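Notes to accompany the following structure.
The values are calculated or read from the model by the stated rules, or taken from the named source; none is laboratory data. Computed from a prediction, not measured in an experiment: that's the story for all the values here. Cβ atoms come from the backbone with ideal geometry, glycine included; neighbour counts cover every protein chain shown.
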Amino acid sequence: MSELDAGLIAEQIEVTGEQKQNGHEVGRARRRKEDARLLTGRTQWTDNIQLPGLLHVAFLRSPMAHARIGRVDVSGALELPGVVAAFSGRDFAAEQGSLPCAWPVSEDIVIPDHPAMAVDEVRYVGEAVACVIATDRYQAADALEAIEVDWEPLPPVLDMNDALAEGSPKVHEAGNRAYTWKLGVGDIDAAFRDAPVVVDRTYVQQRLIPTAMEPRAVVATTDGESFTLWSATQIPHVLRVMLALTTGIPEHRLRVIAPDVGGGFGSKLQVTAEEVLCLLLTRKLGKPVKWTESRSEGNLTVHHGRDQIQHVSLAAEADGRIRGVRVELLADMGAYLMLITPGVPLLGALMYNGIYKMDAYDFSCTGVFTTKMPTDAYRGAGRPEATYAIERLMDELAHELKIDPIEVRRRNWIKHEEFPYTTIVGLEYDSGNYEAATDRALSLFGYDKLRAEQADRRDRGDPVQLGIGVSTFTEMCGIAPSRALGGLNYGAGGWEHASVRVLPTGKVEVVTGSSAHGQGHETAWSQIVADSLGVPYEDVSVLHGDTAISHKGMDTYGSRSLVVGGMALLAACDKVKDKARKVAAHALECSPDDLEFVQGAFRVKGTGAQKTIQEVALATFTAHDLPDGVEPRLDSDATFDPQTFSFPHGTHLCAVEVDTETGLTKIRSYVAVDDVGKVVNPLIVEGQVHGGLAQGIAQALYEEAVYDAEGNLLTSTMADYLLPSAADLPDFVTDRTETPATTNPLGVKGVGEAGTIASTPAVVNAVVDALRPYGVRDIQMPCTPERVWRALQ
Amino acid sequence: MPLVTVTVDGIKYEQQCEPRLLLVHLLRERLGKTGTPIGCDTSNCGACTVLLDGKSVKSCSVLAVQADGSDVVTIEGLASNGSLHPMQQAFHEEHALQCGYCTPGMVMAAIDILRDDPDPSEEAIREGLEGNLCRCTGYCNIVRAVRRGAQEMSKADRAVNTP
């Protein structure tokens, strides 16, 4: 923090007596370091960047879902004031390569060529076909209208079932099936044969638009030899590798910077056409270029999320114990396979069993091409879909058996004394306590009282019915053990890197390979390092998001940053202390084994002699008297590759009031009890849960990307795509139970996606529960007033 | 091109502006006031909210020429004498921001709510912020921050008004 910021922000830290005594930072509700610049408008968003001679790029985008491109004439644009250049896809055909897909999930997967600007054919509305480069963004936008394109329309392909039918128009020459991926464990036929209860349902995970508040933006520049690209991205490190491979610009001549990034939720976990083209344009023109999307452009062309048809069935004993679960998915890939498009459903494949024990499991997923924007990771990525299906099924099972939905879960979940537990899909859940989280949630929620009120309203025939929804969930975080990723044919590892440098003045500089875009890593990482090295929190600063500064990293997604990156950080701190111990022992003329490290100092056991870590840092800087074989400077780096995933869990309860006359659903109360293991900063954890809940609730009640019969996106603006506002959401009651992870030294599990994963089924279960007396068994998301009302007719 | 005279965060500027130039682009592209971001193109998100002659406006929905002769306060002009505005401080205390992209607009809109209602209820805050979207926080902490900011601002007012 600068001096100004230190003066501006008056710290008010809640510290317990115990924490004060021990000086522990981990566990404290530290207010965030990041806030100072964000609250005063000194943030460095990509669109803020100005460079001398900066040119502005605008893209002409396809108005058609599917068409062959005839003549493209950009000459009209070139005559307009301020226009420097204009190009069509054909101008870049030889150099733009194909946008990468890093996850070829099966041997026979079809990965179509994906040009950054379409050359011969467009396959979704919004696909770039030409661009204008001008001295001003208004002029660039104006000039797009002077470009002429001859279109030869082709039939759109919009419905997944139709796409797979014989004789369907083809999105790609190779056909509309991208892949089929299967997993089977146990005897699924035996599980379903003569099963006393079978629940068989089809659920639709509607297509969503992730909508980070900061629209995408890219700035690219070159000095003729080297290239620098700023992008509103979650993945500067991955992006650098992929851009080098795609464009042929040598990796060592390419620097990628993610400056302040305004949210991502998976949508900025991508290698985009605009990033590739801005690099190629700066190479071609020798000038810096900038592109910033409008929101409407973003709705069309930021990858979408979800969009699956889930055919799921569950076989159970008469007492509710699950025998087996069968899952058949159709997953809409959209028009192309982007960075991890085909892998997203697989992230859910290992989660359809949820927290429950069963004897058999069968999963298959077919990825389908359509003429829509490609899908890819959106908060939770595969796990929300899986959790939705199993948690909806559990409520249906409870209803079939006429037992309470909590009780049916109790009969099936892994008991706390059974951990570590290897699930049907072979994942070892290291720790958890579903009983404790559920008991806490029931008590905060007032479950029995609300059930009594529900019964009363049903008896009275109240037009406003009360519904109660349950979601007892787990998810897998800490992506990922590199070997596990290799087993899934993913194109990279899942490790993370950190450097820790104690500077000559005793201040600490931390470099992390994680790339925060709202998560508060600068604060949380400072807390971890302060504890580990025994230095003041204020003395730690965290650098990230620039490949020239952070030379190794796998970036931020999948709730991985703390569980993987935090461990790299701890390992780097340990190496620093190991070295410091040698130097301190030399200075104190004792054996390293005679030293204990207490509150930032190495003390000779039983005497008062000591060297602080700051003194050691200075000694390693002057290097006047270092022990033989010890290099100058007190710094280190470490790379951590997890051995397994982590498994946060929790119990979410939602009460809704549904007006049976208007179909309007109102959330009356929402209780979330999450177990994310040990917590570094409770304030940040609560914030992550809150935000996750909002997005999960939004899928249940509000959001849906809608294409019309011609393949036009009807929800292309914020006016049409309904993001919830403060007025649409309730206050949340959140609490935690704490069952430490046993697979990492901090005992942490990850929290970035929990709220989103858990809340969607909790809300829909509540809406359906409210309407059960009317014979309603399902409502297609989002549960809009119209859909609820129609379900009642 | 019309000449626009506008005071922004206490500094007077004169700029030749195309009639179609949006106020937010004048701020960001001409005056270097990049503290005010743009989140949409349909005036839904409110990220670009500023105070125009004391009232909150979405600066993407105001032409620069319409601001001629006006006084504009952006997020960059709120802190004074080395301290944050009470509403900025309240957002910090309550962890009412994550990525921070909506925050400038959210803080300006919150200050505007208090103009009419210095002690707003939770419901009034939620209704009052309906035109400002946040994708990170789920709004709980924003509501808490506005309550806290209101209390701090009324305390400050009382202190000023007490002889």
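Tabulated values for the structure
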{"quantity": "Some residue of segment A:158-177 being touching a residue at least 24 places away in the same chain (Cβ under 8 Å), exposed (fewer than 14 other Cβ atoms within 10 Å of the Cβ), more than 14 Å from chain B (Cβ to nearest Cβ) and closer than 29 Å to A:Ser296 by Cα", "calculated": "yes"}
{"quantity": "Strands (runs of 3 or more DSSP E) completely within segment A:180-244 that count 3 or more residues being touching a residue at least 60 places away in the same chain (Cβ under 8 Å) and at negative phi", "calculated": "A:197-208, A:217-222"}
{"quantity": "Pair list, Cβ under 6 Å, 6 or more apart: segment A:285-310 residue within 14 Å of another protein chain (Cβ to nearest Cβ) and of a type in the set (Asp, Glu), other residue assigned to a loop (DSSP other than H, G, I, E, B) and buried (at least 24 other Cβ atoms within 10 Å of the Cβ)", "calculated": "A:Glu293/A:Pro215; A:Glu293/A:Arg216"}
{"quantity": "Some residue of segment A:507-521 being under 30 Å from A:Leu771 (Cβ atoms) and either of a type in the set (Ser, Thr, Tyr) or modelled with pLDDT under 95 (or both)", "calculated": "no"}
{"quantity": "Residues (more than 10 Å from chain B (Cβ to nearest Cβ) and touching a His at 6+ places or on another chain (Cβ under 7 Å)) located in segment A:679-710", "calculated": "A:Ala705"}
{"quantity": "Residue that is farthest from the other protein chains (Cβ to nearest Cβ), among those in segment A:26-45 that are in a helix (DSSP H, G or I) and under 13 Å from B:Cys99 (Cβ atoms)", "calculated": "A:Arg37"}
{"quantity": "Residue in segment A:523-537 that is buried (at least 21 other Cβ atoms within 10 Å of the Cβ), in contact with a Ser or Thr (Cβ under 9 Å, 6 or more places away or on another chain) and closer than 15 Å to A:Tyr557 by Cβ present", "calculated": "no"}
{"quantity": "Single residue of segment B:77-92 satisfying the filter (facing chain A (nearest Cβ under 7 Å) and surrounded by fewer than 21 Cβ atoms within 10 Å (Cβ to Cβ)) that is farthest from B:Thr137 (Cα to Cα)", "calculated": "B:Gly82"}
{"quantity": "Every residue from segment A:598-631 that is in a strand (DSSP E or B) and either over 19 Å from A:Leu503 (Cβ atoms) or of a type in the set (D, E, K, R) (or both)", "calculated": "A:Val598, A:Arg603, A:Val604, A:Gln610, A:Lys611"}
{"quantity": "Qualifying residue in segment A:739-754 (condition: surrounded by fewer than 24 Cβ atoms within 10 Å (Cβ to Cβ) and either of a type in the set (D, E, K, R) or under 20 Å from the mean Cα position of the chain (by Cα) (or both))", "calculated": "no"}
{"quantity": "Residue match in segment A:2-20 (condition: modelled with pLDDT of 95 or more and away from chain B (no Cβ under 14 Å))", "calculated": "no"}
{"quantity": "Residue ID - farthest from A:Thr620 (Cα to Cα), chosen from residues in segment A:587-597 that are assigned to a strand (DSSP E or B) and of a type outside the set (A, V, I, L, M)", "calculated": "A:Glu596"}
{"quantity": "Failed criterion for A:Ile249 (all others in (1) out of contact with any strand residue (DSSP E or B) (no Cβ under 8 Å at 6 or more places or on another chain); (2) over 15 Å from A:Asp555 (Cβ atoms); (3) part of a loop (DSSP other than H, G, I, E, B) hold)", "calculated": "(1)"}
{"quantity": "Qualifying residues in segment B:40-59 (those that are of a type in the set (A, V, I, L, M) and more than 9 Å from every other protein chain (Cβ to nearest Cβ)) - the one nearest to B:Ser70 (Cα to Cα)", "calculated": "B:Leu52"}
{"quantity": "Leading residue by the ranking (farthest from A:Thr40 (Cα to Cα)) among those in segment A:254-265 that are buried (at least 24 other Cβ atoms within 10 Å of the Cβ) and within 14 Å of chain B (Cβ to nearest Cβ)", "calculated": "A:Phe265"}
